[in-house]
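Presented below is the structure to which this report refers.
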Amino acid sequence: MNFENIIVTQQENTALITINRPTKLNALNIKTIEELHTAFDALETNENVKAIIITGSGEKAFVAGADISEFANFNIEEGTALARQGQKLLFDFVQNLGTPVIAAVNGFALGGGLELAMAAHFRVASSNAKMGLPEVSLGVIPGYGGTQRLPQLVGKGKAMEMIMTANMISAAEAKDWGLVNYVVEQAELLPLCEKLASRIAQNSSVAIGAAIKAINANYTNCVNGFGVEIEQFGISFGTADFKEGTNAFLEKRKPNFE
Ligand code: COA
């Protein structure tokens, strides 16, 4: 896959997407959002890809936000369309992807950058990372799901404080707050994410996709998450992976999920 603003590589069953606009601290312009959509869409249907890591190029930034230069002159309709399109193409799309997505937060994750990391299924940060939703300092609010996903991850009070103050928090604080699962030195960031991805790849991708659906259902308005869990649990019984996983256990061997 050839793109202007992102690089996609693959090692064994793990794909790595690198957002590559280092001179703009990997800010998300519309073109980058469209390219990310295309890449995630293709990787989800690639049977050889069992996990996806997303990171930013360079050592300074994961993503320093939506590209401010692109929307500075937008009016109400354009602003509404920007948020709606972005959420549909990228942020909701990533959250609901059937293939696990790990955000490797390698520096500033601000505004749309933190929102992208929060849309991923979980996050690992390097010790230099700084995270925040500074939108109110620009006279707007987070528009790529930040007002919804941040409270889900850190609780309402902390989310209110982060959004109202526009302050950045350190990687260590983000770990304390439950926003990231691990903090490691920058050189260890991708190796740790790759290790987690290869551990995930040993399990049933079909079952993992079903688990993502059931977990996300807990955070979807008017959907009974327990009901979705029952439904997805039942569906698992009809899959080849279920036969293989249970037979492998009973035959005292490792499963080989196709
Ligand atoms: N949109 C567009 N361009 C951005 C950007 C963004 N969100 N974040 C950084 N850039 C650009 C800068 O304009 C600059 O470009 P230039 O060299 O052509 O002038 C380049 O990236 C480097 O950024 P700079 O501000 O010079 O780096 P810094 O180390 O002094 O500061 C930050 C780093 C992250 C603190 C600062 O860039 C910043 O505050 N960015 C905006 C964060 C934000 O508000 N995000 C939410 C957007 S909704």
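The values are calculated or read from the model by the stated rules, or taken from the named source; none is laboratory data. This is a predicted model, so every value here is computed, not measured. Note that we place each Cβ from the backbone using ideal geometry, even for glycine, and neighbour counts take in every protein chain shown. Surface areas here come from the heavy atoms of the whole protein model, side chains and all, with no ligands, DNA or RNA. Shrake-Rupley method; radii C 1.70, N 1.55, O 1.52, S 1.80 Å.
Listing for the model above:
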quantity: Top-ranked residue in the stretch 122-137 [being open to solvent by less than 10 Å² (accessible area, probe 1.4 Å) and part of a loop (DSSP other than H, G, I, E, B); ranked as nearest to Ser170 (Cα to Cα)]; calculated: Ala129
quantity: Given (1) away from the ligand (no atom under 16 Å from the Cβ); (2) assigned to a loop (DSSP other than H, G, I, E, B), index of the condition Val140 fails; calculated: (1)
quantity: Pairs, first at positive phi in the stretch 2-31, second of a type in the set (Gly, Ala, Ser), C-beta under 6 Å, six or more apart; calculated: Leu25/Ala61; Leu25/Ala64; Asn26/Gly56; Asn26/Ala61
quantity: When residues of the stretch 138-165 are limited to those that are farther than 23 Å from Asp92 by Cα and touching a residue at least 12 places away in the same chain (Cβ under 8 Å), the one most open to solvent (accessible area, probe 1.4 Å); calculated: Met164
quantity: Filter result for the condition that a residue is assigned to a helix (DSSP H, G or I) and touching a Gly at 6+ places or on another chain (Cβ under 7 Å), over Ala207, Ala248, Ala214; calculated: Ala214
quantity: Number of the condition not met by Thr38 [criteria: (1) outside any loop (DSSP other than H, G, I, E, B); (2) open to solvent by 10 Å² or more (accessible area, probe 1.4 Å); (3) within 16 Å of the ligand (Cβ to nearest atom)]; calculated: (3)
quantity: Residue count for the stretch 43-78, restricted to those that are outside any loop (DSSP other than H, G, I, E, B), open to solvent by 20 Å² or more (accessible area, probe 1.4 Å) and within 12 Å of Gly98 (Cα to Cα); calculated: 1
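Here's the yes/no breakdown for (1) away from the ligand (no atom under 15 Å from the Cβ); (2) in contact (Cβ under 8 Å) with a residue 12 or more places away in the chain; (3) in contact with a helix residue (DSSP H, G or I) (Cβ under 9 Å, 6 or more places away or on another chain):
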residue	(1), (2), (3)
Ile53	yes, yes, yes
Asn75	yes, no, no
Gly86	no, yes, yes
Val94	yes, yes, yes
